[in-house]
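What follows draws every value from the coordinates through simple rules; no lab data is involved. Keep in mind the model is a prediction, meaning the values are calculated, not measured. All Cβ positions, even for glycine, are placed from backbone atoms using ideal geometry, and neighbour counts span all protein chains on display.
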Amino acid sequence: MRPRCFPLALFACFLCLGQSYTLRSSVSWVVSSNDVDDADLSEEVAPALLVDGAGLWKANVLGDGIETPREQAKAEGDAAARQSSRLFSYRIEKLKAGSSGAPPPHQETARTARYIAHYSDWGHLATISTLDKIKGLPFGNIFSVSDGPLDNSTGVIYFYVTPMDNTVADLKSNPYASLTFSEAEGEFCRQMMYDPEDPRCARLTLTGKMVEVLPEELAFAKEAMFSRHPVMAKWPVGHKWFFMKMDLVQVWLQDWVGGVSLVPVEDYFKATPF
């Protein structure tokens, strides 16, 4: 080594020894579409891909003076929310079936359906439209829903609606509708790296007749909706809000690969989400 290069090399060596790095369990990476076209991101394989360093990720290597990913995300604020949806940041850990907040085993289809219906705060309601330009065509709308307070699941889906809504006008013409929930609403699919269309990220569609809640059931419907959506109690009375529920005809569920399940309505009501 040339004498004039020796001090520079020695300085670099001391610099490397003086800085310590630790690898935390939180990771962040950007995945290009080419990287994941053929990748198997199953629950068994995905964690291995993360740790093997197969080109799918870059780990945050954190020193003592560097912010953690959680602190960085907080500092970035709204800017972070505008990042591409292909930017992930989370801990490598699974939710275990049977634990608090985790879905039931996928083989228990009736219980899975009740779990999704109970823990979903909103869903997509499809009706047959009465709007002039799309009359007779499907029309979808988002509604806040509840099947009861968090500690009391009934399986009956309640709605708080106004006659001013186009969907309510549709229901006056044809009272039948389909309500779809996705497990992607919660944390499970994100933690398992399941795309919302992945069959392991469960989807539930309830089809039935929408009817107005009778006076003897109004107290419970009010408790069910307002306990889960307390802001509704303050909505303007001039909109003439009223309660509806769905009388089920069919329970359609996809919660695993290999096909869908038509859960008998009686099995759905016998099951429990807890």
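As a quick test, which of the pairs Lys135/Lys245; Lys240/Lys270; Lys172/Lys234; Lys245/Lys270; Lys172/Lys222 have an alpha carbon distance above 30 angstrom in this structure?
Among Lys135/Lys245; Lys240/Lys270; Lys172/Lys234; Lys245/Lys270; Lys172/Lys222, the Cα-Cα distance tops 30 Å for Lys240/Lys270.
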- Task: Quick one: order Lys133, Lys270, Lys222 by neighbouring beta-carbon count within 10 Å, fewest to most.
- Result: Lys133, Lys270, Lys222
- Query: Roughly how many Å is it from the Cα centre of region 200-274 to that of region 140-169, as a whole number?
  - Reply: 6
- Query: So if R0 is 45 Å, what FRET efficiency would Leu137 and Arg190 give, r being the distance between their Cβ atoms, rounded to the nearest 0.05?
  - Reply: 0.85
